[in-house]
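Colleague: What follows is a single structure, and I will ask about it in a moment.
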Amino acid sequence: MSISLKKIYNLLEETKFPVTKSRKNISSKGIEAFVLGDVNYRGQAALDYKTRGPSRFNKKFPKLFSALKKMMKEKDPSFKFTTIQLNKNILSPPHVDKNNVGPSYIIAFGDYDGGKLVIEGKEHNIKNKFLKFDGTKGHWVTPFKGTRYSLVFFTHTFKPPSALLRGVEVKPTGLYKNGELIKKYKNNSKSTRKSRKSTRKSTRKSRKSTRKSRKSRKSRKSTRKSRKSRKSTRKSRKSTRKSRKSTRKNMRHSK
């Protein structure tokens with residue numbers, strides 16, 4: 001019997017997400033997130049200097065862990081993963097997953113609006129939809145309203161991040177390393193397209209207004225010229241009348 005997305009959503013709703021401060025690349029403040037599967041033990045003495053081992057949340061949320069593994073097996077039986085990252089209401093800023101190896105699968109659940117996944121400038125709707133992607137590429141989440149859960153299935157390196165990803169910073173404009181742009185993103189997000197459309201519309205209105213203003217100035221200038229011309233004509237007529245009057249007067253004196 002296949003597992004439904006609705007069942008996964010219900011299990012997520014029943015789960016009390018712990019607050020963690022360990023994901024500094026996402027937020028310096030506490031976020032609601034945890035990991036299932038294998039995690040990085042970082043060779044700690046308290047953990048017998050092991051570099052990897054099972055997450056303590058595997059036993060805390062056994063139903064959820066079992067359901068997620070079953071869901072992934074039904075989606076792609078050949079896909080291998082070590083870890084599942086679970087997030088609740090996290091607005092992920094631009095970043096790269098430095099501890100991932102190979103492709104990842106991501107899917108989102110919840111009653112929310114917005115919350116698209118942006119990968120190198122391109123938006124993807126992952127609500128109730130799986131997306132296979134490369135987590136080492138710059139990605140982030142657009143603003144959303146409501147309750148949003150996201151699940152990421154991936155393989156952990158269990159090692160320090162690759163030297164290629166050290167000093168890397170992701171921005172909506174592109175990928176930077178040590179402050180230098182090394183890859184520019186072609187921003188095709190809906191919000192960016194709307195902004196560009198609005199800018200073009202505003203520019204057209206501004207140009208139209210400028211043309212009208214110029215036309216209006218020309219019209220006023222022409223009106224002033226016309227008035228000046230009429231004034232000159234009146235002066236000329238007055239001068240002509242004076243000249244005629246003077247001529248008649250001289251003619252009478254000569255008689």
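The values are calculated or read from the model by the stated rules, or taken from the named source; none is laboratory data. Being a predicted model, the structure only gives us computed values, none of them experimental. Every residue, glycine as well, gets a Cβ built from its backbone with ideal geometry; the counts of neighbours run over all protein chains shown.
Colleague: Taking the residues in the range 94-119 that are part of a loop (DSSP other than H, G, I, E, B) and modelled with pLDDT of 95 or more as candidates, determine which candidate is surrounded by the fewest Cβ atoms within 10 Å (Cβ to Cβ).
Modeller: Only one residue fits best here, namely LYS116.
Colleague: Sticking with this structure for a sec: Restricted to the range 1-23, and to residues that are over 25 Å from the mean Cα position of the chain (by Cα) and part of a loop (DSSP other than H, G, I, E, B), which residue is modelled with the lowest pLDDT?
Modeller: MET1
Colleague: Okay, moving on. Where residues in the range 55-74 are touching a residue at least 12 places away in the same chain (Cβ under 8 Å) and in a loop (DSSP other than H, G, I, E, B), which of them is surrounded by the most Cβ atoms within 10 Å (Cβ to Cβ)?
Modeller: Among them, the one singled out is PHE61.
Colleague: In the range 128-174, which strands (runs of 3 or more DSSP E) lie fully inside it and hold 2 or more residues that are in contact (Cβ under 8 Å) with a residue 60 or more places away in the chain?
Modeller: On the way: elements: 131-133, 139-141, 144-156, 168-171.
Hits in the range 128-174: 144-156, 168-171.
Colleague: In the range 134-190, how many residues are hydrophobic (A, V, I, L, M, F, W, C) and within 23 Å of ALA33 (Cβ to Cβ)? So that I can check it myself, show each step before the final result.
Modeller: Within the range 134-190, the first condition is being hydrophobic (A, V, I, L, M, F, W, C), and the residues that meet it are 140-141, 144, 151-154, 158, 163-165, 168, 170, 175, 181-182.
Those left that are additionally within 23 Å of ALA33 (Cβ to Cβ): 140-141, 144, 151-154, 158, 165, 168, 170.
Residues in the range 134-190 being hydrophobic (A, V, I, L, M, F, W, C) and within 23 Å of ALA33 (Cβ to Cβ): 11 in total.
Quick grid of which residues meet (1) surrounded by fewer than 10 Cβ atoms within 10 Å (Cβ to Cβ); (2) farther than 23 Å from SER104 by Cα; (3) modelled with pLDDT under 75; (4) in contact with a His (Cβ under 7 Å, 6 or more places away or on another chain):
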{"residue": "LEU151", "(1), (2), (3), (4)": "no, no, no, no"}
{"residue": "ARG220", "(1), (2), (3), (4)": "no, yes, no, no"}
{"residue": "SER232", "(1), (2), (3), (4)": "no, yes, no, no"}
{"residue": "ARG252", "(1), (2), (3), (4)": "yes, yes, yes, no"}
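Colleague: Could you figure out which of (1) β-branched (Val, Ile, Thr); (2) closer than 28 Å to VAL170 by Cβ; (3) at pLDDT 90 or above isn't true of ILE26?
Modeller: (3)
Colleague: Which pairs have Cβ atoms under 8 Å, sit 6 or more apart or on different chains, and link a residue in the range 11-24 that is more than 14 Å from GLY110 (Cα to Cα) to one that is of a type in the set (Val, Ile, Thr)?
Modeller: VAL19/ILE31; THR20/ILE31; LYS21/ILE31; ARG23/ILE31
Colleague: Restricted to the range 7-41, and to residues that are of a type in the set (A, V, I, L, M, F, W, C) and touching a helix residue (DSSP H, G or I) at 6+ places or on another chain (Cβ under 7 Å), which residue is farthest from THR136 (Cα to Cα)? Even if it seems obvious, please write down each step before you answer.
Modeller: Quick first cut of the range 7-41, residues of a type in the set (A, V, I, L, M, F, W, C) only: 8, 11-12, 17, 19, 26, 31, 33-36, 39.
Keeping just the survivors that are touching a helix residue (DSSP H, G or I) at 6+ places or on another chain (Cβ under 7 Å) gives 8, 11, 34-36.
On the way: ILE8: 27, LEU11: 29, PHE34: 20, VAL35: 19, LEU36: 20 Å.
The residue in question is LEU11.
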